[in-house]
1. For segment 342-402, list the strands (runs of 3 or more DSSP E) that sit wholly inside it and hold at least 2 residues that are modelled with pLDDT under 95 and surrounded by fewer than 17 Cβ atoms within 10 Å (Cβ to Cβ); which are they?
2. Can you confirm whether segment 124-131 contains a residue that is crowded, with 17+ Cβ neighbours inside 10 Å, among the β-branched types (Val, Ile, Thr) and in contact with a Lys or Arg (Cβ under 7 Å, 6 or more places away or on another chain)?
3. Would you pick out the residues in segment 293-339 that are under 11 Å from the mean Cα position of the chain (by Cα), within 16 Å of ligand 2 (Cβ to nearest atom) and part of a loop (DSSP other than H, G, I, E, B)?
4. Residues in segment 352-369: is at least one of a type in the set (Phe, Trp, Tyr) and more than 20 Å from Ala259 (Cβ to Cβ)?
5. Look at segment 114-145 and say how many of its residues are within 15 Å of Ala314 (Cβ to Cβ) and either among the aliphatic types (A, V, I, L, M) or touching a Phe, Trp or Tyr at 6+ places or on another chain (Cβ under 6 Å) (or both).
6. Report the residue count in segment 93-114 for those that are on the phi < 0 side of the Ramachandran plot, touching a residue at least 60 places away in the same chain (Cβ under 8 Å) and open to solvent by 40 Å² or more (accessible area, probe 1.4 Å).
7. Does Phe264 count as open to solvent by less than 10 Å² (accessible area, probe 1.4 Å), over 15 Å from Leu328 (Cα atoms), within 15 Å of ligand 1 (Cβ to nearest atom) and modelled with pLDDT of 95 or more?
8. Name every residue in segment 27-61 that is crowded, with 19+ Cβ neighbours inside 10 Å, under 14 Å from Ile3 (Cβ atoms) and not hydrophobic (A, V, I, L, M, F, W, C), in order of residue number.
Amino acid sequence: MKITRTEVIVCSPTRNFVTLVVHSDQGIYGLGDATLNGREMAVVSYLEEHVIPCITGRNVFDTEDVWQYLYKGAYWKRGPVTMTAIAAVDMALWDLKAKALNVPLYQLLGGKSRERVLVYCHANGIDPHHTLEEVEKHIEQGYKAIRVQSGIPGMSGTYGVAKKGEKYEPAAPGLPHEYEWNTEKYLSIVPRLFEMVRKKFGEELLLLHDAHHRLSPIEAARLARELEPYHLFWLEDPVSEELQESFRLLRRHTTTPIAVGEIFSSVYDCHLLITEQLIDYLRMTVLHGGGITHILKTAHLAEIFNVRTGFHGATDLSPVTMAASLHLDLSLHNFGIQEYMPHEPLVNEVFPHAYTFKDGYMHPGDASGLGVEINRELAGKYPYKPAYLPVNRRDDGTMWNW
Ligand code: KDG
Ligand code: MG
């Protein structure tokens, strides 16, 4: 089966998505997500100018060779733009292969290791009391695992937290917004927040927290240690992931489990973290981590070193990535948990899909391939709108990690 034609569809049904459609000479096509939040058009150009001309005519079933050709053949390896573009092609080819064989994708990834996929949701409040209300709402919806984030009293706007009544969305239209950041205020509130949550909701609920890369190694160690009595499922992105040696310091100080990797783009961003067992959960996604071909290798390496997966699943990853993640989650033996931030109803209309949510668990569905479609006519009504993630400044005006 040969690749005949490839299209890149950019649309913005409430937020921007880039989708690759790979057509074959047998009349079927596959979908790949190519969305890189805030840098969408760089991937579009990379695909259109440099990738699509090189893959036309290739065999759809040769996913390994196509992947190696695009990765090693380009000379310029790694990086989020390159790896997102390669991932889009790779996802679309795996979707095509599974459709051609008329099986759900997970059957090509080792079959089922479990019957359903544990997911975690987000509870965000403008202050700790509002956050408790949000936790309660999510428990009522059936969630067994909840990421808890709160606005910090005295700081105007906190990343990861929406204004009261609004839905949280990582990117905002126009040029980047600016948030302020104060480590001391943050560090004093978070342990108190988790104390309140445990007191009100008990021990059974799985609790997670995302520090969004904002702490120095010793600050992160302090937070992780102070959170120990509340038994978190994980503390995510405690330090900037660039200096991986930081995780050694963190590990020496705490038993709070650590998750990292949503901005990693290849196994070379995390092989040290995995092989030294410096983390417990790997967040690198199928989308920004080079596609199914590469995430399989990375997840299998992690399995050998007792590291579990916890794939990124924010709304800036399209339903195509959500489906691919769920097929992997169902089959990978070292699956840990899947992030689930439900898309707006309009997004689900543009991308009708077979995956479902029930009582805190998800299932990819048994449609062939990924089980996701794109409604081109509807997508065409929502053209691309520039949008960016916010930047963060400390209260002395200097830039801080977001
Ligand atoms: O594009 C950035 C968002 O996906 C990210 O900020 C969300 O940190 C995030 C998370 O854990 O979902
Ligand atoms: Mg995160």
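1. Filter on segment 342-402 gives 391-394.
2. Yes.
3. Selection gives Gly310, Phe311, His312, Gly313, Ala314, Thr315, Asp316, Leu317.
4. Yes; the residues of segment 352-369 include at least one that is of a type in the set (Phe, Trp, Tyr) and more than 20 Å from Ala259 (Cβ to Cβ).
5. Within segment 114-145, residues that are within 15 Å of Ala314 (Cβ to Cβ) and either among the aliphatic types (A, V, I, L, M) or touching a Phe, Trp or Tyr at 6+ places or on another chain (Cβ under 6 Å) (or both) number 4.
6. Total meeting the criteria: 6.
7. Yes, satisfied.
8. Of everything in segment 27-61, those that are crowded, with 19+ Cβ neighbours inside 10 Å, under 14 Å from Ile3 (Cβ atoms) and not hydrophobic (A, V, I, L, M, F, W, C) turn out to be Tyr29, Gly30, Gly32.
The values are calculated or read from the model by the stated rules, or taken from the named source; none is laboratory data. Just so we're clear, the structure is a prediction, and the values are computed from it rather than from any experiment. Every residue, glycine as well, gets a Cβ built from its backbone with ideal geometry; the counts of neighbours run over all protein chains shown. Note: areas computed on protein heavy atoms with side chains; ligands, DNA, RNA excluded. Shrake-Rupley method; radii C 1.70, N 1.55, O 1.52, S 1.80 Å.
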